[in-house]
Amino acid sequence: MKAAVLVANEDVRYMDYEEPLIQPGTVKVKVVVSGICGSDVPRVLHNGAHFYPIVLGHEFSGEVVEIGEGVSSVKVGDRVAGVPLIPCMQCDSCLKGNFALCRNYRFIGSREQGSNAEYIVIPEKNAVVFDQSISFEQGAMFEPSTVALHGVLQNDFRGGGLTAILGGGTIGIFTSQWVKLLGSRKTVVFDINQERLELAKRLGADEVINTNESGWLEKVQAITNGKGFDYLFETAGVIPTMKLSFELASNKARICFIGTPHSDLSFTPSEWEKLNRKEFYLTGSWMSYSAPFPGKEWLMTAEYFASGKLQFDEGLVGKRFPMSQAQEAFMLYKNPGAVNGRILLINDFS
């Protein structure tokens, strides 16, 4: 088969690669779409791969073409979204259903062959069947949707309050949709990219705020009657929005950091004191799994996509590349601002 293989830093080659073989309890998927996640970028550009050569890719969808012995929940011809985590199912965290915290996990596209290839073999439980009405491009968006929903659940979200989403990227847009579906009284998305804010508004956000524009803080005061937000989700993983969440939180608010920072984060005593004085709750969120594996995050995404309640929009897609041009796709990330939305790598089987 052909695959986009990372052979060295900044060197992705579309080449012949050993096709994986079906094993008992596994399914073979013909990959149609594989998305580039932000976590893939340092693997390619900053010597972040665990080893070379490796096939990256963990946000993917495709069609089942073969099933192994003992497989019963998936059949040939099913359209599936791939679940990238392979937990050990034996450590304390796994036994408690906290699969994302597994001590001995494997991960598709990071620690073993990923989806930037024509075919991939995955465990039966890692294939989430979705309805024929859902496109393969939507199917490749399951993983970011589940990351967003996991953060919402991790933050013990309850409807009826005011919600702030800090960051209008793919995860932020899905977080905004999920809190609306689960009863947020008013949802406000913050970003500095007007195009992303317009997408957020199109997909259901009640208000959007560009923090590069003058008067934005006064707008927040008006929306919250000066009390701040009840729930806040930081999805960008950058220092300014992490600190901003402390500023915008109401008394007894709940803040969840979904985004992953890539630089040192420090607070002044007065900044950190807001946590004490407001008595807000601060938590983190990691990946997207719950019991029974892979979890309600994945089942709800399949159900809500099929019903149309969870929306897929062309604006979520930054660019599309054939899999053979994966190198060109990754090189775009060397230019800040060149990528706006998910880049999708598409296999052509014609």
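Data overview
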{"read-out": "Any chance SER72 is under 24 Å from the mean Cα position of the chain (by Cα) and either crowded, with 19+ Cβ neighbours inside 10 Å or in a loop (DSSP other than H, G, I, E, B) (or both)", "value": "no"}
{"read-out": "Output for segment 217-233, where each listed residue is under 16 Å from SER184 (Cα atoms) and outside any helix (DSSP H, G or I)", "value": "GLY228, PHE229, ASP230, TYR231, LEU232, PHE233"}
{"read-out": "Out of ALA291, ALA306, sole residue that is touching a helix residue (DSSP H, G or I) at 6+ places or on another chain (Cβ under 9 Å) and of a type outside the set (Val, Ile, Thr)", "value": "ALA291"}
{"read-out": "Residue identified as at pLDDT 95 or above, in a strand (DSSP E or B), closer than 19 Å to GLU59 by Cβ and not small (Gly, Ala, Ser) among ILE134, ILE120", "value": "ILE120"}
{"read-out": "Subset of segment 19-43 (residues that are touching a strand residue (DSSP E or B) at 6+ places or on another chain (Cβ under 9 Å) and assigned to a loop (DSSP other than H, G, I, E, B))", "value": "GLU19, PRO20, LEU21, ILE22, GLN23, GLY25, CYS37"}
{"read-out": "Selection within segment 180-201 - open to solvent by 20 Å² or more (accessible area, probe 1.4 Å) and of a type in the set (Gly, Ala, Ser)", "value": "GLY183"}
{"read-out": "Which numbered condition ASN104 misses (of (1) assigned to a loop (DSSP other than H, G, I, E, B); (2) touching a residue at least 60 places away in the same chain (Cβ under 8 Å))", "value": "(2)"}
{"read-out": "Residue that is open to solvent by 10 Å² or more (accessible area, probe 1.4 Å), touching a helix residue (DSSP H, G or I) at 6+ places or on another chain (Cβ under 9 Å) and among the small types (Gly, Ala, Ser), where the choices are GLY215, GLY160, GLY169", "value": "GLY169"}
{"read-out": "Enumeration of residues in segment 145-192 that are at pLDDT below 95 and at positive phi", "value": "none"}
{"read-out": "Hey, PHE60 surrounded by fewer than 21 Cβ atoms within 10 Å (Cβ to Cβ) and in a strand (DSSP E or B) or not", "value": "no"}
{"read-out": "Residue check, SER135 over 13 Å from the mean Cα position of the chain (by Cα) and surrounded by fewer than 17 Cβ atoms within 10 Å (Cβ to Cβ)", "value": "yes"}
{"read-out": "The lone exception for GLN177 - which of (1) in a helix (DSSP H, G or I); (2) touching a Gly at 6+ places or on another chain (Cβ under 9 Å); (3) surrounded by fewer than 20 Cβ atoms within 10 Å (Cβ to Cβ) it fails", "value": "(3)"}
{"read-out": "Leading residue by the ranking (surrounded by the fewest Cβ atoms within 10 Å (Cβ to Cβ)) among those in segment 246-267 that are polar (S, T, N, Q) and closer than 25 Å to ASP230 by Cβ", "value": "ASN251"}
{"read-out": "From the options LEU149, LEU153, residue that is within 20 Å of GLU303 (Cβ to Cβ), open to solvent by 50 Å² or more (accessible area, probe 1.4 Å) and touching a residue at least 12 places away in the same chain (Cβ under 8 Å)", "value": "LEU153"}
{"read-out": "Failed item, numbered, when SER93 is tested on (1) open to solvent by less than 20 Å² (accessible area, probe 1.4 Å); (2) under 25 Å from SER285 (Cα atoms); (3) not in a loop (DSSP other than H, G, I, E, B)", "value": "(1)"}
{"read-out": "Residue list for segment 218-234, filter: open to solvent by less than 20 Å² (accessible area, probe 1.4 Å) and within 24 Å of the chain's Cα centre (by Cα)", "value": "PHE229, LEU232, PHE233, GLU234"}
{"read-out": "Residues of segment 40-57 satisfying the condition of being among the small types (Gly, Ala, Ser), in contact (Cβ under 8 Å) with a residue 24 or more places away in the chain and surrounded by fewer than 22 Cβ atoms within 10 Å (Cβ to Cβ)", "value": "ALA49"}
{"read-out": "Residue in segment 200-216 that is assigned to a helix (DSSP H, G or I), in contact (Cβ under 8 Å) with a residue 40 or more places away in the chain and within 25 Å of the chain's Cα centre (by Cα) present", "value": "yes"}
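The values are calculated or read from the model by the stated rules, or taken from the named source; none is laboratory data. A quick note: this is a predicted structure, and the numbers were derived from the prediction, not measured. So basically every Cβ, Gly included, is an ideal-geometry build from the backbone, and we count neighbours across all protein chains shown. For the accessible areas, the whole protein counts, side chains as well, though only heavy atoms, and no ligand, DNA or RNA atoms are used. Shrake-Rupley method; radii C 1.70, N 1.55, O 1.52, S 1.80 Å.
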